[in-house]
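The values are calculated or read from the model by the stated rules, or taken from the named source; none is laboratory data. Model, not experiment: these values are computed from the prediction. A quick note on method: Cβ atoms are made from the backbone with ideal geometry, for glycine too, and the neighbour counts reach across all protein chains shown.
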Amino acid sequence: MKNLQILMVGLIMLFSAAGCKEDLGITKPQTNDGKAPGAVSNVQIQNRPGTAKLTYKIPGDNDVLYIKAVYEIRPGVMREVRSSKTNDSLIVDGFGEAKEYNVQLYAVDNGENSSVPVSIKVSPLTPPLKSILDNLNIIDDFGGVGILYDNPLNAEISITVMKKTAAEKDILVNTFYTKAKNGAFNVRGYPVTPVVFGFFIKDKFGNITETVYKTITPIEEVRLDRALFKEFPLPNDIKNGPAGWTVVKMWDNLFNDGNGFHSADATTQVMPLSVSFDLGVKAKLSRFKYFPRTVNDAIMYNHYNLKRFELWGSSTARLDGNWDDWVLLGSYESVKPSKLPVGQLTNEDRAYAKAGEEFNVPSSAPAVKYIRIKALESWSGLSAFQVMEMQLWGKVIQ
């Protein structure tokens, strides 16, 4: 009797589940009927940069599962794109040229039987990698070359920089990867003599542009002499914190714990907080390196280490700390390579932090004599910050 009750409960649950099952619109046959579905029809084409949107009428066969497009994006390289039968359109992408391409459209059923193909021709507009190359801004920069780009469609691309040798051979310098709408990259480490650089762009489909060349004369860049740096205390800056953690230790070239700047601990103050110092010379800055506190895993990417901050500069700052005397040189954010939550670290995270984070100063920034670090957020979210070392590069004006 007990076994009979269990069986009846099981049957009730089974039928209840069957009654509540969602109809997904896909009725899969028990066997493959071996019959091809009808073909798509009434295909409409909307050409776009590097892609084309195809809209069509799906055949009326009950067992149609999806529509697929098969096409060649460049000699010998085929691509296939699929779209569910619940959609009446799909996008064919991966085209590296603005020219005509053949595309075959198939309807496919649950048994993987394909309809006869419908052959169409698409003519995608100029693909993003070509437009990006055409509008690439290549400029003389500190110690090398600056590359500024616009990528309005957020295409996933890489920008490769080559250097032409005396033997007229191209050697790889660096490759930068991005899908940002715009940005800038730099290649540095070259003397102040003309260099011929080459540039090409590659997209995620493997399409590659031609290489363009430009002769660049790097601008002189030196690391600023830290022996000339000195304190520049302002009344509205944050005070030194724990004993020994003073501003001057930001440039003492010592990296062991305790040899850095630490602001007063978070009590009543709130972000933003700032600290200032005198470079001892007037200089047009090119870049700087910020070294966080890395004494142990609990401190790295945590505690009072800077997460978001700004760098301000002035050539004639008054002693009252009025921000009207200062100009924003750049806004920056510390990055954790792994992007893991606070407290979780990889070896790459540790190595990146200990090597210091390097940031560029825009070439449009003016020459300055005084520097002001404006902390916006610490990794812990508390209202205090610390800097183990600050190194700055640029060209000394006077």
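Looking at N253, N240, can you tell me which residue is surrounded by 14 or more Cβ atoms within 10 Å (Cβ to Cβ), more than 24 Å from D141 (Cα to Cα), modelled with pLDDT under 95 and assigned by TED's automatic domain parsing to the domain that holds S331?
Exactly one residue qualifies, and that residue is N240.
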For this session: Filter segment 134-154 down to residues that are surrounded by fewer than 21 Cβ atoms within 10 Å (Cβ to Cβ) and within 21 Å of N47 (Cα to Cα) and give me whichever is nearest to the chain's Cα centre (by Cα).
Result: N154
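In this structure, is G34 part of a loop (DSSP other than H, G, I, E, B), surrounded by fewer than 17 Cβ atoms within 10 Å (Cβ to Cβ), in contact with a Gly (Cβ under 9 Å, 6 or more places away or on another chain) and at pLDDT 95 or above?
Values: part of a loop (DSSP other than H, G, I, E, B): yes; surrounded by fewer than 17 Cβ atoms within 10 Å (Cβ to Cβ): yes; in contact with a Gly (Cβ under 9 Å, 6 or more places away or on another chain): yes; at pLDDT 95 or above: no.
Taking the combined requirement at face value, the residue does not satisfy it.
Of everything in segment 65-110, what is of a type in the set (A, V, I, L, M) and either farther than 16 Å from I45 by Cα or outside any strand (DSSP E or B) (or both)? Give them in sequence order.
Just the residues of segment 65-110 that are of a type in the set (A, V, I, L, M), to begin with: 65, 67, 69-70, 73, 77-78, 81, 90-92, 98, 103, 105, 107-108.
Correct list: L65, I73, V77, M78, A98, A107, V108.
Residue by residue, here is whether (1) among the polar types (S, T, N, Q); (2) touching a strand residue (DSSP E or B) at 6+ places or on another chain (Cβ under 8 Å); (3) surrounded by 14 or more Cβ atoms within 10 Å (Cβ to Cβ); (4) part of a strand (DSSP E or B) holds:
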| residue | (1), (2), (3), (4) |
| --- | --- |
| R287 | no, yes, yes, yes |
| N302 | yes, no, yes, no |
| R308 | no, yes, yes, yes |
| A317 | no, yes, yes, no |
| Y332 | no, yes, yes, yes |
| Y352 | no, no, yes, no |
For this session: Among residues belonging to segment 44-58 that are among the β-branched types (V, I, T) and either in contact with a Gly (Cβ under 9 Å, 6 or more places away or on another chain) or surrounded by 15 or more Cβ atoms within 10 Å (Cβ to Cβ) (or both), point out the one that is farthest from R82 (Cα to Cα).
Result: I45
For this session: Looking only at segment 171-181, decide whether some residue is over 14 Å from the mean Cα position of the chain (by Cα), more than 30 Å from K284 (Cα to Cα) and either surrounded by 16 or more Cβ atoms within 10 Å (Cβ to Cβ) or not assigned by TED's automatic domain parsing to the domain that holds G50 (or both).
Result: yes
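Taking segment 354-398 on its own, how many of its residues are part of a loop (DSSP other than H, G, I, E, B) and on the phi < 0 side of the Ramachandran plot?
So the first thing to find is which residues in segment 354-398 are part of a loop (DSSP other than H, G, I, E, B), and the list is 356, 361-367, 379-385, 388, 397-398.
This time we only want the ones that are on the phi < 0 side of the Ramachandran plot, so: 361-367, 379-380, 382-385, 388, 397-398.
Selection size over segment 354-398: 16.
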